[in-house]
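A short worksheet on the structure shown next.
The values are calculated or read from the model by the stated rules, or taken from the named source; none is laboratory data. Source: prediction; values computed, not measured. Here the Cβ is made from the backbone with ideal geometry for all residues, glycine too, and neighbour counts use every protein chain on show.
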Amino acid sequence: MRTHLPLFFSLLTTLPAALLAQTVTFHADVAPIIYTHCTECHRVGEIGPMPLTNYAEVAAYGEFIEYVTSTGYMPPWTPDESYSHFVGERVLTDDEKATLSAWVAAGKPEGDPADNPGLPAFPEGSQVGTPDLVLPMAEPYTHGGDMTDQYQVFVLPAAPDNDLAIRALEVRPGNRNVSHHAILGLDVSGTAANLDAQDPDPGYESFGSFGFSAESNFFGGWVPGAMTVEYPPGIGRTVPAGADILLQMHYGPSPIDETDQTEINVFFSEEPIEREVQTTFMGPQHLDEFFYLPANQVRTFHGTMDVSTDVSMISIVPHCHLIGVSWDVFATSPDNQDTIPLISIPSWDFNWQGFFTFPTLTKIPAGYTLHGIASYDNTSANPFNPNDPPQNVTFGEGTTDEMFFVFFDYVLYQEGDETVSLEPSDPSCVGDLTGDGVVSVEDMLFLLSDFGCVTNCAADVDLDNAVTIADLLQLLSAFGEPC
């Protein structure tokens with residue numbers, strides 16, 4: 001018996017004290033974890049392969065859930081949260097993992113349904129909410145089952161008569177089996193429509209760029225695991241009247257024909273756009289050596305870009321393919337005495353990429369240098385290497401080629417940007433200033449105490465950088481509303 005005591009005490013120390021005192025149940029202990037970290041993707045119409053919305057669904061996969069969460073495979077989140085933080089982090093605490101393990105070990109008891117916090121009110125067909133405009137591909141496109149990659153551009157007319165002020169663009173892939181990634185562009189010349197008319201298939205083929213000098217070559221995009229970027233008031237993108245939004249779909253290799261009809265959810269900005277979002281990228285031209293990956297070698301590449309004016313970073317997107325294994329992106333001062341950490345991905349996962357949005361606007365001063373360091377493992381030790389035996393790999397558009405890119409979305413810096421939140425607003429909780437889940441007298445008193453504030457206002461309900469009668473009226477319109 002004595003030989004088992006260390007193991008016994010080890011198990012005790014891995015479980016929260018509350019779990020040792022009582023039985024863990026689904027409704028009281030597990031549902032809050034699942035609903036917060038899993039159900040957003042694991043529900044009908046989303047990327048998760050099975051729904052996790054109630055006791056029966058979760059219990060059916062209990063052992064599997066316990067395994068993938070204890071190993072860190074789920075929920076999918078590749079950035080190192082000890083290096084930098086982003087909107088929508090999917091990271092379980094040690095206590096949450098222990099709760100799931102204890103529940104499975106106890107036989108997955110259901111408990112009292114009255115203890116269930118209730119399934120969140122997730123929007124249908126969107127991660128953001130109800131779109132103001134939906135732009136679908138005009139007709140389905142069939143990607144042939146010949147095990148080749150295909151880049152196809154689809155032309156989506158936006159608004160013929162008026163400019164559109166955009167706070168978010170959400171790409172909704174119609175067939176995730178072959179959707180590798182999507183890039184959005186903007187055409188004000190009609191060139192893309194002419195190219196489409198000349199191609200008998202839906203859209204037109206174009207590897208790499210959009211086939212001409214578009215107004216914008218990176219107006220937005222989607223990769224597996226990406227969360228939609230929502231811009232704060234006064235910041236956004238503008239689609240000029242009569243412009244076309246271009247959707248370039250990269251379809252990966254498939255052994256069978258696959259049909260896709262992707263659409264874009266468009267969310268309008270309620271405020272005038274004062275600062276247009278700009279995009280820049282670090283690519284092979286910024287590397288310290290030629291981008292080439294010999295077979296049976298591990299190589300690391302270091303790219304640098306100088307920052308010429310003060311900017312406020314919104315989001316960051318490192319991108320490579322199957323041979324990539326890690327990323328580190330940061331900025332350094334001219335004297336190398338200051339380092340701004342941007343993102344670290346110690347274990348790159350091609351299947352879970354992302355558009356990573358900073359919690360607040362992140363200033364990079366003029367004179368600083370951006371660094372991007374990526375490592376690649378082109379050996380047989382890399383389980384994701386598409387070639388067996390390993391082959392020499394160069395830069396290319398195909399899935400089995402490789403890439404080195406870091407995309408940055410930013411605006412020109414303004415004083416006070418460091419306090420501008422990029423967290424998505426919750427329209428169902430407008431006016432809940434105290435965070436108690438209901439719009440009540442306490443919120444009214446809080447607003448009145450801040451009335452007249454004109455900068456960094458805690459009670460700025462309508463986000464116009466001031467607490468005025470407009471905030472009071474908006475709070476009253478939601479008075480008594482539960483959040």
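Okay, here's what the table says:
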quantity	calculated
Unique match (being closer than 30 Å to LEU164 by Cβ, free of Cβ contacts under 8 Å to residues at least 60 places away in the same chain and surrounded by fewer than 18 Cβ atoms within 10 Å (Cβ to Cβ)) among GLU289, GLU274, GLU270	GLU274
Residue in segment 381-399 that is in contact (Cβ under 8 Å) with a residue 24 or more places away in the chain, under 30 Å from ASN217 (Cα atoms) and in a helix (DSSP H, G or I) present	no
Tally, over segment 67-109, of residues that are closer than 12 Å to VAL30 by Cβ and surrounded by fewer than 15 Cβ atoms within 10 Å (Cβ to Cβ)	1
Close pairs (8 angstrom Cβ cut-off, 6 or more residues apart or separate chains): closer than 19 Å to PHE405 by Cα in segment 333-350, assigned to a loop (DSSP other than H, G, I, E, B) and small (Gly, Ala, Ser) anywhere	PRO341/SER84; LEU342/SER84; ILE343/SER84; SER344/SER84
Members of segment 195-217 found to be under 21 Å from GLY396 (Cα atoms) and polar (S, T, N, Q), listed by number	SER206, SER209, SER213, ASN217
Residue match in segment 70-88 (condition: farther than 22 Å from MET50 by Cα, outside the structural domain of VAL317 (by TED's automatic domain parsing) and modelled with pLDDT under 90)	yes
Those residues of segment 304-317 which are buried (at least 16 other Cβ atoms within 10 Å of the Cβ) and within 16 Å of ILE340 (Cβ to Cβ), in sequence order	MET305, VAL307, ASP310, VAL311, SER312, MET313, ILE314, SER315, ILE316
Check on PHE86, of a type in the set (A, V, I, L, M, F, W, C) and touching a strand residue (DSSP E or B) at 6+ places or on another chain (Cβ under 6 Å)	yes
Contacts under 7 angstrom Cβ, first residue in segment 176-188 being in the same structural domain as GLU205 (by TED's automatic domain parsing), partner among the acidic types (Asp, Glu), 6 or more apart	ASN177/GLU258; VAL178/GLU258; VAL178/ASP260; SER179/ASP260; LEU186/GLU215; ASP187/GLU215; ASP187/ASP244; VAL188/GLU215
The listed residue being over 30 Å from GLY234 (Cβ atoms) and polar (S, T, N, Q), out of THR419, THR399	THR399
Conditions (1) in contact with an Asp or Glu (Cβ under 8 Å, 6 or more places away or on another chain); (2) closer than 14 Å to PRO233 by Cα; (3) modelled with pLDDT under 75; (4) of a type outside the set (Gly, Ala, Ser); number of the one not met by ASP432	(2)
Scan of segment 41-78 for residues that are under 23 Å from PHE355 (Cα atoms) and of a type in the set (Phe, Trp, Tyr), ordered by number	TYR73, TRP77
Single residue of THR78, THR69 found to be touching a helix residue (DSSP H, G or I) at 6+ places or on another chain (Cβ under 9 Å) and among the β-branched types (Val, Ile, Thr)	THR69
Segment 349-367, residues that are surrounded by 18 or more Cβ atoms within 10 Å (Cβ to Cβ), of a type outside the set (Ser, Thr, Tyr), assigned to a strand (DSSP E or B) and under 15 Å from the mean Cα position of the chain (by Cα)	PHE356, PHE358
